[in-house]
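One structure is given here, and the rest of the page talks about it.
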Amino acid sequence: MRVNFECLYFLDNNDLCIIEIKKYVPDDAAAAHKFQWLLINKKNLAIKPLQFRSMDASGDLAERFFDLGYLKFDPRSGIFIEKFNSGQYSLCNKTCEEVPDEYLNAIAEFLNNKEVSLA
């Protein structure tokens, strides 16, 4: 089964990108199954799912807390701070239309492999 999705957020730098997607699943599916944040290593297109813990927002500033770190962003830029390696990554907040096809293909493959393993 092919998993279809749309991009909601795309934060990018030279080494990695963070993308939030919305999967097209039945309307009664839990939010955790519909929405997914993904950390993509741009060198090898390895994808790590970020397990969402909580969020906060005020005005244009948004914060997301994950199992692997913390993301803070506004309409122009963001920063991702790794939880365990203490790495900090400055990011540009781009439009989803700017996501390269190779990243979209890697995400589709990742999601399809994940769904097959759950079957």
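Scoring Lys43 on the criteria (1) modelled with pLDDT of 95 or more; (2) over 13 Å from the mean Cα position of the chain (by Cα); (3) open to solvent by less than 60 Å² (accessible area, probe 1.4 Å) leaves a single failure, condition (3). Screening the range 71-106 for residues that are of a type in the set (Ser, Thr, Tyr) and in contact with a Phe, Trp or Tyr (Cβ under 8 Å, 6 or more places away or on another chain) and picking the one that is farthest from Cys17 (Cα to Cα) gives Thr95.
For the range 63-82, check the following and say yes or no: at least one residue is over 22 Å from Lys34 (Cα atoms), among the acidic types (Asp, Glu), out of contact with any Pro (no Cβ under 9 Å at 6 or more places or on another chain) and modelled with pLDDT of 95 or more. Break it down into steps so the answer makes sense when it comes.
Of the residues in the range 63-82, the ones over 22 Å from Lys34 (Cα atoms) are 74-82.
Imposing the further condition that a residue be among the acidic types (Asp, Glu) reduces the set to 74, 82.
Pick out the ones that are also out of contact with any Pro (no Cβ under 9 Å at 6 or more places or on another chain) and you get 74, 82.
Okay, now just the ones that are also modelled with pLDDT of 95 or more, so 74.
Yes, the range 63-82 has at least one match.
The conditions of being modelled with pLDDT under 95 and loosely packed, with under 11 Cβ neighbours inside 10 Å are met by Gly59. Pick from the range 23-40 the residues that are modelled with pLDDT of 95 or more and either in contact with a Cys (Cβ under 9 Å, 6 or more places away or on another chain) or in a loop (DSSP other than H, G, I, E, B) (or both): which of them is farthest from Leu68 (Cα to Cα)? Taking the candidates together, the pick is Ile40.
The values are calculated or read from the model by the stated rules, or taken from the named source; none is laboratory data. Because the structure is predicted, anything quoted here is derived from the model rather than measured. All Cβ positions, glycine included, derive from the backbone under ideal geometry; neighbour counts span all protein chains shown. The area values use the complete protein model at the heavy-atom level, side chains included, leaving out ligands, DNA and RNA. Shrake-Rupley method; radii C 1.70, N 1.55, O 1.52, S 1.80 Å.
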